[in-house]
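Next up is a structure, given as structure tokens.
Every read-out reported here was derived from the displayed coordinates using simple, explicitly stated rules and does not represent laboratory data. Nothing here was measured: the structure is a model prediction, and the numbers come from that model. Methodologically, a virtual Cβ is constructed for each residue, glycine included, from the backbone with ideal geometry; neighbour enumeration extends over all protein chains shown.
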Amino acid sequence: MEIKDLEAFAVVAEELHFGRAAAKLHMSQPPLSARIKQLEQSLGVQLFERSTRSVALTDAGSRLLIPARKVLSQVVAVQNLAESIAAGDQGRVRIAFAGASSQRALPILTRAVRESHPGIELQLESQTYVYTALDKLLEGSLDLAFARLPTPQAELESRVVEVEKILCALPEGTRELVSPVCHWPSFTTRTSSACRQIPARFSRPQCSRSASPLDSGPG
């Protein structure tokens, strides 16, 4: 039994006329009649009562018509889904993000995808460290990751979605202590480690002495 056999059965059941059913199926009547007979032999039941004047469904035909139509409907659904997947309108995209780097861009992206491609499922993985996310991209377990540039993996394609400015607020008169850190080569790519050095610049031991009544001198 093939899908075409069920389609022929459903159309003949709808038209109750082999000539009209054959025209609707874009085939001649003899092959259609042969197909119905072959289907009846395959199922072991008679689907139609035939006479020179009319065609009618048997009880078995009436009972089998509903599941046959469900099968045909599912076939159409599978075909439509396959076409949608091939066109990129269906599927799943796995996205990794962490920290403030994605707080602005990610909501814009997810909203746009849901509006333009409602069949795309977005699987979000939060609190994923950058290097872990990049490794997962190379493994194929992620499709997209938010990360600060540059990325060391030459195999990965990147695109700038947002530019951030990082500022450092310092106490007055302490610029000379921090300036050497800020002028390190590639300081912007070592922001985390560099920032850890900044407090150290303010923690140098300093000697101080408070005056007391006993230190007021002789007399």
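Once you have a ≥ b ≥ c as the square roots of the Cα gyration tensor eigenvalues for segment 91-145, tell me rounded if a/c is under 1.5, and otherwise prolate or oblate according to whether a/b is larger than b/c.
oblate
Related question: Arranged from highest to lowest average of other beta-carbon atoms within 10 Å per residue, in what order do the peptides 132-139, 102-109 appear?
Result, highest mean Cβ count within 10 Å first: 132-139, 102-109.
If the cut-off is 28 Å between C-alpha atoms, which lysines fall inside it for residue 136, apart from same-chain ones fewer than 8 positions away?
Partners within reach: 165.
A further question follows. Full extension from residue 149 to residue 59: what is 0.36 nm times the residue separation minus their Cα-Cα distance, to one decimal in nm?
25.3 nm
Further, regarding this structure: Using only Cα atoms, locate the centre of segment 124-139 and the centre of segment 24-83, then give the distance between them in Å, rounded to an integer.
53 Å
Work out, step by step, the length gained on full extension between residue 159 and residue 176: first 0.36 nm times the residue separation, then minus their alpha carbon distance; give nm to one decimal.
Additional length available on full extension: 2.5 nm.
Under the classification rounded if a/c is under 1.5, otherwise prolate if a/b is larger than b/c and oblate if not, where does segment 60-169 fall, given a ≥ b ≥ c as square roots of the Cα gyration tensor eigenvalues? Numbers along the way, then the final one.
Numbers: a/c = 3.81, a/b = 2.86, b/c = 1.33.
Here segment 60-169 falls in the prolate category.
Continuing with this model, one more query. For residue 24, go through the lysines and keep the ones whose alpha-carbon is under 23 Å away, minus same-chain ones fewer than eight residues off.
In chain and number order, the partners are 4, 37, 70.
How would you classify segment 3-86 from its alpha-carbon gyration tensor, with a ≥ b ≥ c the square roots of the eigenvalues: rounded for a/c under 1.5, else prolate if a/b is greater than b/c, otherwise oblate? It would help to have the intermediate numbers written out before the result.
Values: a/c = 2.31, a/b = 1.66, b/c = 1.39.
Prolate shape, in that a/c is at least 1.5 and a/b is the bigger ratio.
Using a Förster distance of 30 angstrom, determine the FRET efficiency expected from the C-beta separation of residue 42 and residue 81, and round it to 0.05.
Once the sixth-power term is evaluated, E becomes 0.60.
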